[in-house]
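Encoded as structure tokens, the structure appears first; notes follow it.
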Amino acid sequence: MTTNAQLFETAQNLMPGGVNSPVRAFGSVGGTPVAMISGQGPYLTDTEGKEYVDLVGSWGPALLGHKHPEVTEAVRKAVDAGLGFGTSHPSEARLAELVRDRVPGAEMIRMVSTGTEATMTAVRLARGATGKNLVVKFAGCYHGHSDGLLAAAGSGVATLGLPGSAGVTEAQASETIVLEYNDRSGLETVFNEHGENIAAVITEATPANMGVVPPEPGFNQLIRDLTSKYGAKMIFDEVMTGFRITEAGYWGASGRQEGWTPDLFTFGKVIGGGLPTAAVAGSREVMEHLAPTGPVYHAGTLPGNPVAMAAGVATLEAATAEVYEHIDSKAEVVAEALTAALNDAGVEHSIQKVGSLFSVAFGTSATGVHNYTEAQSQESFRYGPFFHAMLDAGVYLPPSVFEAWFLSAAHDDAAVDRILQALPAAARAAAEA
Ligand code: PMP
């Protein structure tokens with residue numbers, strides 16, 4: 001048997017930090033990353049044969065749990081037909097249709113391979129369609145790792161405590177205006193001062209990369225109003241939330257229930273069902289600026305790959321209302337048990353939650369976290385001991401306090417019970433930190 005420690009030692013010699021994405025490292029929680037070798041339903045098994053209840057869900061795609069029979073079967077069939085042709089084929093239109101039918105405002109879709117590519121393309125599209133340069137983003141929101149969007153980013157950039165990234169030119173950074181999330185007057189001021197030059201405001205439909213931070217009522221609406229008034233595009237990054245949380249994805253964001261839609265959406269994670277697919281979507285008018293109908297260039301070898309499309313189609317077709325009800329209710333149970341365990345252990349905290357996506361922030365007042373400054377000032381040192389107590393008890397949490405917890409349709413009572421049983425000791429470990 002190869003141990004996690006042996007694998008990590010080998011990996012560290014071959015890959016920077018021993019990982020292919022910094023969010024997988026145990027940088028902020030300490031210890032050796034666990035190498036998983038298989039997944040089934042709500043469980044993962046590591047290289048040492050230990051089983052965990054998985055609350056990372058492949059960072060979002062595993063809405064239905066691991067190795068869902070219909071998704072696996074669809075992928076097998078697609079593989080049997082050939083891995084990819086570099087041509088049009090039927091299942092890419094089927095996935096586009098599923099997105100269009102479920103998301104008001106997503107009239108046309110362009111498949112890409114990663115969320116990073118989706119947001120990068122959406123920003124280029126917004127600039128190309130408006131002829132303007134500036135992009136407004138919010139601190140703590142993560143939109144992938146393209147140059148202009150790394151300023152004050154969440155996710156791994158937040159975990160590592162970085163202001164942005166080396167290698168991003170000043171010119172790139174200077175075209176991104178960063179605002180505090182939920183800052184209505186800041187947004188109004190920026191539009192007053194720079195409105196004529198703003199191509200886009202990009203925002204997570206509900207931020208979940210600085211922990212979960214719900215938009216205050218009317219905040220997304222204000223973004224919509226200001227972008228419309230000044231002729232800028234509103235980009236709703238739903239890479240994390242799309243087809244996962246009922247408030248901000250599949251059923252329409254609260255904004256869409258109020259009768260508005262963004263100009264552009266980005267999707268990823270769930271729409272690829274675990275394989276590398278993401279998408280840009282939006283109104284026909286904006287999307288037709290993309291090549292070959294328009295002058296804004298995007299291309300690729302793998303976008304719309306038939307195996308990835310098969311996984312996405314099977315996932316969205318299986319993602320029924322019952323699936324979302326199940327995930328929402330299990331998330332409620334886990335979040336309630338988490339807060340009860342932390343209260344019993346005397347740990348001040350807030351549960352940050354929108355629909356089934358939630359995270360915990362330590363040492364925050366009962367009013368919770370509303371922006372990146374508040375997220376960063378929490379007692380994040382409590383998360384490492386909490387995380388490791390859960391890991392020891394066989395629960396795999398995201399290895400950073402800034403990441404959301406993901407449940408799936410496969411998290412049944414048995415899996416949820418294991419989480420609940422592990423919480424009291426982990427809460428005591430957080431208290432003693
Ligand atoms: N946008 C959001 C909101 C995300 O959460 C992520 C990834 N966590 C991305 C974009 C980037 O997606 P990818 O990792 O597929 O490049």
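The values are calculated or read from the model by the stated rules, or taken from the named source; none is laboratory data. This is a predicted model, so every value here is computed, not measured. Every residue, glycine among them, receives a Cβ derived from its backbone with ideal geometry; neighbour counts consider all protein chains shown.
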Residue list for the range 11-27, restricted to those being within 16 Å of the ligand (Cβ to nearest atom), small (Gly, Ala, Ser) and buried (at least 19 other Cβ atoms within 10 Å of the Cβ): Ala25
Close pairs from the range 410-422: first farther than 13 Å from Leu55 by Cα, partner surrounded by 22 or more Cβ atoms within 10 Å (Cβ to Cβ) and polar (S, T, N, Q), Cβ under 9 Å, at least 6 apart: none
Residue check for Ala62: under 24 Å from Gly115 (Cα atoms), within 16 Å of the ligand (Cβ to nearest atom), at pLDDT 95 or above and touching a Gly at 6+ places or on another chain (Cβ under 9 Å): yes
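Listed here are the residues, each with its yes/no results for (1) surrounded by 24 or more Cβ atoms within 10 Å (Cβ to Cβ); (2) part of a loop (DSSP other than H, G, I, E, B).
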{"position": "Val157", "(1), (2)": "no, no"}
{"position": "Ala173", "(1), (2)": "no, no"}
{"position": "Ile177", "(1), (2)": "no, no"}
{"position": "Ala199", "(1), (2)": "yes, no"}
{"position": "Ile202", "(1), (2)": "yes, no"}
{"position": "Pro214", "(1), (2)": "no, yes"}
{"position": "Pro217", "(1), (2)": "no, yes"}
{"position": "Ile245", "(1), (2)": "yes, yes"}
The range 13-33 residues that are among the charged types (D, E, K, R), paired with ones that are away from the ligand (no atom under 16 Å from the Cβ) and not in a loop (DSSP other than H, G, I, E, B) (beta carbon under 9 Å, 6 or more apart): Arg24/Gly17; Arg24/Gly18
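Under the condition of being basic (Lys, Arg) and free of Cβ contacts under 8 Å to residues at least 60 places away in the same chain, which residue from the range 34-77 is surrounded by the fewest Cβ atoms within 10 Å (Cβ to Cβ)?
Residue satisfying both the conditions and the ranking: Arg76.
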Residue in the range 211-233 that is assigned by TED's automatic domain parsing to the domain that holds Tyr142, of a type in the set (Asp, Glu), under 20 Å from Met108 (Cα atoms) and modelled with pLDDT of 90 or more present: no
Some residue of the range 167-180 being within 27 Å of Gly294 (Cα to Cα) and within 14 Å of the ligand (Cβ to nearest atom): no
Where Glu188 falls short, out of the listed (1) modelled with pLDDT under 95; (2) more than 16 Å from the ligand (Cβ to nearest atom); (3) not in a loop (DSSP other than H, G, I, E, B); (4) not small (Gly, Ala, Ser): (1)
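Kindly indicate whether Val354 is of a type outside the set (Ser, Thr, Tyr) and assigned by TED's automatic domain parsing to the domain that holds Leu95.
Details: of a type outside the set (Ser, Thr, Tyr): yes; assigned by TED's automatic domain parsing to the domain that holds Leu95: no.
Taking the combined requirement at face value, the residue does not satisfy it.
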Residue match in the range 90-101 (condition: over 21 Å from Thr246 (Cβ atoms), surrounded by 19 or more Cβ atoms within 10 Å (Cβ to Cβ), under 24 Å from the mean Cα position of the chain (by Cα) and at pLDDT 95 or above): yes
Residue among Ala126, Ala96 that alone is touching a strand residue (DSSP E or B) at 6+ places or on another chain (Cβ under 8 Å) and under 30 Å from Val190 (Cα atoms): Ala126
Criterion (hydrophobic (A, V, I, L, M, F, W, C) and in a loop (DSSP other than H, G, I, E, B)) met by exactly one of Ala331, Ala337, Ala299: Ala299
Members of the range 112-145 found to be farther than 23 Å from Ala208 by Cα, within 16 Å of the ligand (Cβ to nearest atom) and in contact with a Ser or Thr (Cβ under 9 Å, 6 or more places away or on another chain), listed by number: none
